[in-house]
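Here is the structure we will look at.
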Amino acid sequence: MNEPSAGQPAAGPRKRRAPKPRMPSRFRDDTTSDLGFTDQAMEQVAVNRALDLALRIGELLLGNGASSLDTVLGMRTVTRAAGLRGAQVDITLTTIMISYQGSIDQVPVTRVHYVPHRDLDYSVLERIEQILRDLRAGRTSLAGARLRVDDTYNRPGRYPQWVRMLATVVMGAGVGWLLGGSWLVILIAGIAAALIEMITEFFQRSGIPRFFSYVTGGFLATVAAALLRFAAPSHSSSLLIAAMIIVLLAGMTIVTAVQDALVGYLVTSGARGLDAALTTIGIVAGVALGLGVANHLGVVMAVASYTPPNLSDLFTGIPAAALVVVGFAVSCSLPRRGWAAVAALGSLGTAVSVIAAQSGSLFGVAAGAVAIGLVAAPLADWLRLPTLILIIPALVPLLPGLRLYRGLYLLSQGYIDGWARVVEAVSIAIALAAGVLLGEYLASPLRRLTTRKLSIT
């Protein structure tokens, strides 16, 4: 054994050099390896890209009416696919914040994104749902998902403008038919619905708040009803106003507001509830203004008394409801494979509502909503569509247009009983939201069974 020379320290055990840290594979993105960055820089780039993709998907979901829970789950699908465990998401109605910290020694990365208001476009929700399904199944990479999200931003609407406008006419006419209006009421309801839609789009392009479009829509509906009352008194003008109120209320956020409240997103729920309240207040203000103008001109408006539906109404109610929901769904760019589904759901909800209304009108509306929620969830999984885009159109025929107008008319005439009718209309809206959510929860076992069968096939 060689002895160390004088003045030379004894050789101890050789220390192994620590290996250079490498970026975990879960952070790798197939577009970051060619940038020439160090592993640490590549990791930071991958994290930023994953958070940006999650924010953009969250914006598209939340801006098109998805609930806060669905938005958070969609964003976490992206972060899990990127390997970012423990990413935190916070949502209000207009902003989304996401934060990620890999370890206690790392600086957290926090991003905040503004969510602009969008018109409902169900084709966007369908594309995002398919992207998330592919990410969960590993059929696409983060880079591929990013390209598809870019395409979703830049792709025009599924249907041309004239098709969506024609669908709005069909929806308005269908609501007039659903309420039992005459042929003239049905015709004017379709034309008025298209006119209101054009005014809403003009206000949006001009940057005018949507509240004033609801005020204008309520006013125009009442003016049209006053002209109908003056020119053809034998036709029910109140049914025309009720039809236009339903058209204006279609797509309101009360369902997602109640859902957010039930699952604990109280801030977003309050914001959605305030948005729904402002929508209703705008319609109320417009109708009240129109009634005042009609009274000033000497046109005596009347309101049809509400009578509970009977079983004979099913023969006209079912096809009219199908027409209404398909018209609204097409105006929101629902995919063609969902047309028959929403028509069936709308007809089912109307039929159950009419049958159950024999025990009370509020119970009937709630029962119809439960039936819609019970069937919509497994049906959406089978069609590979988001549940929301089937539920919202199917609820349109059950909206309390005639009750709300009756309350407004009584208030305009100085009757305090009008408040009772308004409260009844609000109660029906809440019953619709709660009923459809109850139906979704009851359908959970069936939904899991359907999902398992789809994954096997």
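The values are calculated or read from the model by the stated rules, or taken from the named source; none is laboratory data. Since the structure is predicted, the reported quantities are computational estimates derived from the model, not experimental observations. Glycine gets a Cβ as well: all are built from the backbone with ideal geometry, and neighbour counts include every protein chain shown.
Brief remarks on what is shown
- Residue under evaluation T253, criteria (1) in contact with a helix residue (DSSP H, G or I) (Cβ under 6 Å, 6 or more places away or on another chain); (2) surrounded by fewer than 19 Cβ atoms within 10 Å (Cβ to Cβ), criterion not met: (2)
- Contact map, the range 335-348: first residue assigned by TED's automatic domain parsing to the domain that holds F315, second residue at pLDDT below 95 and not in a helix (DSSP H, G or I), Cβ cut-off under 6 Å, separation 6 or more or different chains; pairs are G338/L385.
- Test: residue in the range 408-422 that is closer than 19 Å to G349 by Cα, touching a residue at least 12 places away in the same chain (Cβ under 8 Å) and over 23 Å from the mean Cα position of the chain (by Cα): no
- The listed residue being crowded, with 24+ Cβ neighbours inside 10 Å, modelled with pLDDT of 90 or more, farther than 22 Å from P309 by Cα and not hydroxyl-bearing (S, T, Y), out of A329, A369: A329
- When residues of the range 177-191 are limited to those that are aliphatic (A, V, I, L, M) and assigned to a helix (DSSP H, G or I), the one surrounded by the most Cβ atoms within 10 Å (Cβ to Cβ): A189
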